[in-house]
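Report on the structure given below.
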Amino acid sequence: MASKIEKEPKYIPEMAQSEIDELNKSIKAASIKVIEDNIERMKKTWKNRPKAMEYFDEISNLFGKRAKELEEQKAAGKKIIGYSCIFAPIELILAADAIPVRVGSGWYDTAKLGDRIMPVEICPVIRSTVGAKMVSLSPYLELSDAIVIPLTCDGRTKLSEMLSDFKPIWYMNPPRVKDDTHTLDMWKKEILVIKEKIEKLTGNKITRQKLKEAIEKMQQATKAFRRLQELRKGAPVINGRDAMLVNQTSLWDDIERWTQKVNELCDELEKRVEQKDYSSYPDTPRVMITGTPMIWPDSWKVPNLIEESNPQGVVVVDEQCSSDRILYDPVGVDEWNMSDMLNAISERYIMACTCPCFTSEHGNEDRINWIIDRIKEYKVDGVIYYVVRGCILYAMEYARIKKVLDKMGIPVYYLDTEYTREDVGQMKTRVEAFLEMLEARIDI
Amino acid sequence: MMISAGIDMGTQRVKVAIIKDKQIIAQSQNFSGFEPAKVAEQTLKEALESAKLSREDIEHITATGAGVNMASFADSTISMMGADAKAGAYYFPSARTIMDVGAEDARAVKCDENGVMMDFVVNARCAAGAGTFIEAMARALEVEMNDMGSLSLNAERASPINASCVIFAESDVVSLIHREEPKSEIARAIFDAMAERVSSMVNRLGVTPDVVLIGGVAKDVGFVASLKRRLGIDILIPEEPIYAGAVGAALVAAKRAKRRH
């Protein structure tokens with residue numbers, strides 16, 4: 001049957017090279033401006049922003065230093081493996097001497113290009129990622145030798161098809177049910193298949209020693225990550241946006257260097273705890289964000305609103321795969337033999353994950369437990385439930401989460417938006433009212 | 001003695017309320033027009049004149065509403081929802097759910113016995129649940145907007161229309177007119193559709209009695225009848241619901257002024 005289908009782009013319409021070049025140029029220029037603007041805004045709110053943050057500002061430039069490094073490393077023969085979401089087993093990529101880099105897109109402007117293929121009802125993360133590919137905007141996506149796409153939601157499932165016109169796509173099939181031995185077995189096999197693909201692409205065998213080193217490298221990253229997270233539990237010494245930026249750069253930075261830089265930042269911030277040198281007033285309402293991933297740079301729209309609002313809020317923790325979920329859980333190995341390590345990787349990427357793509361008898365209780373625990377640990381005053389239109393799984397789970405939060409007496413606000421800048425005004429109204437409400441409750 | 005003022009910079013009208021020791025002593029309103037900042041000054045001036053006060057007598061002014069930043073003379077601001085909660089509890093101390101239906105948007109707020117907002121929902125994206133919907137439909141029916149309400153009360157039933165969008169609804173109304181359906185039934189359908197939008201919004205929040213309706217549209221008997229039918233409960237409405245936002249802001253202003261003493 002397959003032979004009946006001609007080999008031609010399955011989805012992407014033909015575009016004149018001149019149009020591609022022009023769009024690439026203008027969107028890139030606009031994006032660099034958004035990146036600079038976001039950093040300016042973070043600096044403005046956090047008057048005494050430490051020097052250690054400058055490193056992350058630099059890495060946050062999606063067209064800057066890191067893209068250049070990747071280009072050089074690729075030219076030197078290294079393979080670059082893109083991934084669309086944090087289900088991708090980073091340790092295996094590192095163990096084969098390849099470079100992992102996240103390729104999901106937070107560009108609002110490219111979502112409009114995706115509209116040429118898909119109706120606007122489709123999740124904008126998908127439309128934007130495809131749009132970015134249409135004009136070769138993302139250096140990381142362009143440089144990738146293959147892309148791991150875990151089929152977590154319907155959007156990502158079809159995204160894999162759309163991108164397969166350009167790049168080898170490695171699907172991963174996460175089960176929708178975690179607490180079943182046969183689904184876990186299936187996932188373990190997915191991990192083994194990906195391992196083989198990585199080995200074949202790179203020509204490097206993943207040895208016991210190499211894998212151990214990779215796991216340890218990521219464990220160090222988790223340690224630094226948790227150190228920073230710990231600092232957010234008290235009076236704010238780092239604002240939410242800044243912590244989110246640090247977290248998210250781990251998805252494309254060199255992970256060892258990132259770990260070192262996070263530790264340097266934590267050295268400084270720990271001093272500030274002693275000195276009571278806060279990034280926001282200690283009585284600022286403490287907000288948790290949960291929901292759709294907020295992808296740098298354009299999706300900083302919402303944390304910008306929260307932390308620049310009057311009254312101001314500070315994001316002390318989130319439950320997002322674009323930030324506080326990325327590195328929280330280490331791969332826990334019993335014995336450093338190959339089979340144990342692979343088991344541990346397989347378990348870590350599925351059991352620790354709180355993605356709403358899972359279902360269970362109790363209604364995705366892992367996500368609920370995560371949220372409840374963090375609310376208590378981080379003394380959260382209120383939750384912003386962020387959903388982009390078309391993000392069906394997060395939208396559907398809202399009612400479940402709200403029920404739990406209502407019972408805890410924690411206010412939650414459903415903030416729905418799009419990949420657009422046009423709704424900032426009315427979102428501001430809603431965010432300010434929510435923060436006002438939290439402030440009034442704190443006053444009581 | 002403490003005098004404070006609230007100004008509600010609405011999308012269609014600017015409203016000012018002045019309160020003295022928790023009593024409303026003056027209210028005034030004007031169309032926002034093209035220069036809302038000037039209108040704000042003017043409206044405040046008129047309220048001061050009617051209360052026989054001067055600007056210096058006001059201890060604190062709090063602004064609210066969509067154009068809140070246009071009232072540059074205000075000492076502070078409050079969200080529309082926060083002002084709604086304060087006003088609802090002021091008019092009716094038993095109020096726990098307050099619905100505000102204005103010209104361009106609708107929202108609902110839950111509050112405690114002190115008028116502190118506990119939760120809220122907003123419908124800001126669709127005009128089918130707001131006052132401009134009535135205006136557009138009245139135009140299609142060729143009746144005065146203020147007559148729509150009493151007209152709808154004569155209807156036994158409602159004609160079916162699409163309530164999801166003003167534009168679709170308008171074309172539905174046009175075809176009903178062509179089918180020579182009675183205007184009263186079409187008018188009732190319009191209010192039913194609006195009530196459906198507003199009640200589904202407030203249902204997301206949960207309807208805790210007593211329920212208060214404020215905002216300019218609360219004056220429309222047709223809409224109120226439809227909303228009562230749809231929610232199946234009684235709704236409390238203050239005498240001059242259009243000033244609710246301004247009154248809420250003035251109450252907040254009084255509190256903030258006191259804090260400084």
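Readers should treat all values here as calculations from the given coordinates under stated rules, not as data from a laboratory. Note that the structure is a prediction, hence the values are computed from the model and not measured. Positions of Cβ are generated from backbone atoms using ideal geometry, with glycine treated the same way; all protein chains shown enter the neighbour counts.
A compact table of results
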read-out: A:ASP37-A:GLU213 pseudo-label distance in nm [points 7 Å out on the Cα-to-Cβ vector]; value: 4.4
read-out: Region B:94-237, dipole about Cα centre (Lys/Arg Cβ +1, Asp/Glu Cβ -1), debye to the nearest 20; value: 320
read-out: At R0 = 60 Å, FRET efficiency that the Cβ-Cβ distance of B:VAL143 and A:HIS362 yields, to 0.05; value: 0.60
read-out: Mean-position separation - Cα centroids, region A:299-344 and region A:186-256, in angstrom; value: 11
read-out: FRET efficiency, A:ASP180 to A:ARG257 (Cβ-Cβ, R0 45 Å, nearest 0.05); value: 0.70
read-out: Shielding by partners, peptide A:423-434 (average Cβ within 10 angstrom, other chains); value: 5
read-out: Global form of region A:89-205, assessed from the alpha-carbon gyration tensor, a/c cut-off 1.5; value: oblate
read-out: Peptide-level mean, for B:77-89, of C-beta atoms on other protein chains within 10 Å; value: 3
read-out: Order of B:MET9, A:MET53, B:MET145 under a 10 Å beta carbon neighbour criterion, fewest first; value: B:MET145, A:MET53, B:MET9
read-out: Subset of A:LYS10/A:LYS133; A:LYS65/A:LYS261; A:LYS44/A:LYS379; B:LYS20/B:LYS255; A:LYS43/A:LYS301 violating a 18 Å alpha-carbon distance limit; value: A:LYS44/A:LYS379
read-out: Shape call, the protein assembly as shown: gyration tensor on alpha carbons, a/c limit 1.5; value: prolate
read-out: Burial order of peptide ranges A:178-190, A:412-424 (average beta-carbon count within 10 Å, highest first); value: A:412-424, A:178-190
read-out: Rough spin-label spacing in nm, given labels placed 7 Å along Cα→Cβ, for A:GLN426 and A:GLU71; value: 4.2
read-out: Reachable lysines from A:LYS205, criterion Cα separation under 23 angstrom, eight or more residues apart if same chain; value: A:LYS74, A:LYS78, A:LYS79, A:LYS167, A:LYS188, A:LYS189, A:LYS195, A:LYS197, A:LYS217
read-out: Exercise: per-residue mean of other protein chain Cβ atoms within 10 Å, B:115-122; value: 5
read-out: Computed label-point distance, nm, for sites A:ALA399 and A:ASP334 using a 7 Å Cα→Cβ extension; value: 4.2
read-out: Most to least packed among A:362-372, A:218-228, A:306-316, B:76-86 [average Cβ atoms within 10 Å]; value: B:76-86, A:306-316, A:218-228, A:362-372
read-out: Mean Cβ neighbour count within 10 Å, used as a protection proxy, ranking B:95-103, A:74-82 highest first; value: B:95-103, A:74-82
read-out: Distance-filtered residues of region B:194-212 - backbone nitrogen under 14 Å, label point 7 angstrom along B:ILE233 Cα→Cβ; value: B:199-212
read-out: Helix-only [θ]222 nm of chain B, DSSP H runs n ≥ 4, -39500 (n - 2.57) each, per residue, nearest 500; value: -13500 deg cm²/dmol
read-out: Order of A:CYS321, B:CYS111 - criterion: other Cβ atoms within 10 Å of each residue's Cβ, fewest first; value: A:CYS321, B:CYS111
read-out: Fraction of antiparallel bridges per DSSP, chain B only, in percent to nearest 5; value: 65
